[in-house]
1. Any residue that is in contact with a strand residue (DSSP E or B) (Cβ under 8 Å, 6 or more places away or on another chain), closer than 30 Å to Asp228 by Cα and either without any contact (Cβ under 8 Å) to a residue 24 or more places away in the chain or not in a helix (DSSP H, G or I) (or both) - is there at least one of those in region 371-388?
2. Select from region 330-363 the residues that are out of contact with any Cys (no Cβ under 9 Å at 6 or more places or on another chain) and surrounded by 15 or more Cβ atoms within 10 Å (Cβ to Cβ) and write down the one among them that is nearest to Glu395 (Cα to Cα).
3. May I ask you to verify whether Cys279 is buried (at least 19 other Cβ atoms within 10 Å of the Cβ) and at pLDDT below 80?
4. Would you check if Ser195 is modelled with pLDDT under 95, over 16 Å from Leu106 (Cα atoms) and surrounded by fewer than 18 Cβ atoms within 10 Å (Cβ to Cβ)?
5. Within region 276-338, which strands (runs of 3 or more DSSP E) (wholly inside it) include 2 or more residues that are farther than 30 Å from Gln128 by Cβ?
Amino acid sequence: MKWLCGMLVLSTTGLMAPGCGPSQTIDLRNDAGDARDADSDVRDTGSDPDTGFDPDVDADPDAGDAGDLDGGNEPDGGNEPDADADADDDPDTDVDEPDGGDVGPLTDGEAAARAMIVGFCNAVWSCQDGSEQVAYLSITLGRYPDAQACADAWRTGAGSMDLSELIRSVDEGRIVVDRDQLDACSDAVTQAACSAENDGGGLEIPEACRTAMAGQAGDGEACINLQDCASGLRCDYSYEQDAPCYGTCVDPAVADACGDDGICSDDAYCDRSGSEPQCVAYELGNECTAGGGECSEDYECVRGHCQYNPPPEPIHLVDEGEACSYVNQSFCRAGLTCQTSSANGSVASCELPRTAGETCSEISDCQPGLRCGSLQPGESSICGGLLPLGQPCQESGECLSRYCFYDFDVSGDHGTCAVREVCELP
């Protein structure tokens, strides 16, 4: 699951997919290739919605308007989706042809990043109730109107994924991309997410993606994501405060701890009962045969040993206007968000994401590319443009840079939109 958790960041404070560690932050290159949608008087369903605070539609939007919540302008509501050559419901997976407003051919790293996003977007729109992982992904990816719009926003990780390190690893030669295999990788990502066990540790890198993005780093070499390591190895991280920002490629059989990805040797299992997951050798007497009935209730036979695997809580998909609650596993259908407003009191309901200028309670209420904030303390919050560098922020999803840096020696009640530091490898 660390494979997914390492890329995942939910812009809603405090919401994380099961099995993920502390909330990640992302630092992705700006979406310079996506053209700004033209002004219109109907709701915008494009992958990069107008914020409503810069009505200019020329090639040089007012840079000073970034992050403004008032702007003195009517919110731009346009409902014309971004242009796309394909009219079907499935996102384009042809990475050789730029999609939508992309300028020029994609690099190998960009093509790999887009393939990953396509796989996850397809999962949200095809099997939202298939696994808990996909249900939680839908909280952010489901803010888009459809799977195509979600996939078209790949340059920003569709607002949820940190793919900058994947692109960097390809650019720096730690991963070699086979473009002919990327479509198969996208399909495998969808299938893996849809069929993931709800144990917080069952989603591994699909073999098709290992083929499409072959890791080159050997045993003992530095890595910044799981795909960096050659076949049979995994990137082992430490989350200690003073630990390096990078990991080391290791043989899972000799790794010190199994981590969130839950990989151990065949004679051990991943014990998550303590403060840190670790590989623990099986005891004699708990061997089993698949289908042999040796395991007790809530246990199943995995690799010849009984492992704890309680049945997952059922996931309920909720329609527009109906009550929703993540605690009760009631998730809004893709295209809707779970919102609380003065109209419905403390009861949250599934509604269409709100456009620029509409009131909001949190960032997940708003269309992708917008934040939820107030003009003055004490005023109602509205959906508006993302914040430029140097502006105070509460979470990374509010920033154009996708990174809110907290310096508690300076201020403990807010961070500052900044560019995330690059992890230097030895």
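The values are calculated or read from the model by the stated rules, or taken from the named source; none is laboratory data. Since the structure is predicted, the reported quantities are computational estimates derived from the model, not experimental observations. Please note: Cβ atoms are built from the backbone with ideal geometry, for glycine as well, and neighbour counts cover all protein chains shown.
1. No, there is no match, as no residue in region 371-388 is in contact with a strand residue (DSSP E or B) (Cβ under 8 Å, 6 or more places away or on another chain), closer than 30 Å to Asp228 by Cα and either without any contact (Cβ under 8 Å) to a residue 24 or more places away in the chain or not in a helix (DSSP H, G or I) (or both).
2. Looking at residues that are out of contact with any Cys (no Cβ under 9 Å at 6 or more places or on another chain) and surrounded by 15 or more Cβ atoms within 10 Å (Cβ to Cβ), I get Thr340.
3. yes
4. Here the answer is yes, as Ser195 does meet what is asked.
5. In region 276-338, the matching strands (runs of 3 or more DSSP E) lie at 278-281, 305-308.
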